Amino acid sequence: MRVVIYPASALVTVALLLPVTGAAFPASHLESGGAVTRAEPFPTPPELEAAVEFWTAIFTEHDSDRAVLHDRQYMNITWRLLDLPKNEKGKVDDKAARKLMRDVLDDVRKRLRRLEADPSPADDADRELLRMASAYDPKLLKNAWSRLRMQRGVADNFRDGLIRARKDLPKIRQILAEEKVPPEIAALPFVESMY
């Protein structure tokens, strides 16, 4: 079993900054009867930009075999990306994945707590955490250990949901129009259950 842990520096920053467009957002399917159309991004208040970028990446870039360790308050900070261990059938080994996520979370939490008290790195992993924190604001180290959160990707499940939704979207569009409900409501089942 090969486990890969990517430091945040390995992220392709451009990919995380892509706006949510008609090509990525399922509500655009409503206007064209299921065909993908290009649309302007939804307006995003500046205070929500990092969260929108984070969730866009979770829904469009990270499959369910990857976990993202991030700061839940400053969502533009990704401390680690983990490729989750798989079983002999190529599926995520849930038990091993939970253990890996817990171990990495505990390790990063201990490191950040120690570095908050004394920002002297003990090894390369500490240096990477300090580099990431200083890239944003060194003051973000304060209580960073308490804001850690692990999120698995859902991009593969989202793609499957788009396929499942195709047959229902025309009828949903019709009902929403009859009831004078905004067509974007049809996107809610993606978040709730992936159709």
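The values are calculated or read from the model by the stated rules, or taken from the named source; none is laboratory data. Since the structure is predicted, the reported quantities are computational estimates derived from the model, not experimental observations. Positions of Cβ are generated from backbone atoms using ideal geometry, with glycine treated the same way; all protein chains shown enter the neighbour counts. Please note that ligands, DNA and RNA were not included when accessible areas were found on the heavy atoms of the full protein model with its side chains. Shrake-Rupley method; radii C 1.70, N 1.55, O 1.52, S 1.80 Å.
Tabulated values for the structure
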{"quantity": "All positions within the stretch 81-100 that are crowded, with 18+ Cβ neighbours inside 10 Å and part of a helix (DSSP H, G or I)", "calculated": "Ala97, Leu100"}
{"quantity": "Selection count where residues are open to solvent by less than 70 Å² (accessible area, probe 1.4 Å), outside any helix (DSSP H, G or I) and either at positive phi or among the aromatic types (Phe, Trp, Tyr) (or both), scope the stretch 153-195", "calculated": "2"}
{"quantity": "Search result, residues across the stretch 101-147 that are outside any helix (DSSP H, G or I) and closer than 30 Å to Lys86 by Cβ", "calculated": "Asp123"}
{"quantity": "Number of the condition not met by Leu30 [criteria: (1) at pLDDT 95 or above; (2) touching a Pro at 6+ places or on another chain (Cβ under 8 Å)]", "calculated": "(1)"}
{"quantity": "In the stretch 106-146, the residues that are open to solvent by 50 Å² or more (accessible area, probe 1.4 Å) and in contact with a Phe, Trp or Tyr (Cβ under 8 Å, 6 or more places away or on another chain)", "calculated": "Arg109, Lys110, Arg113, Glu116, Tyr136"}
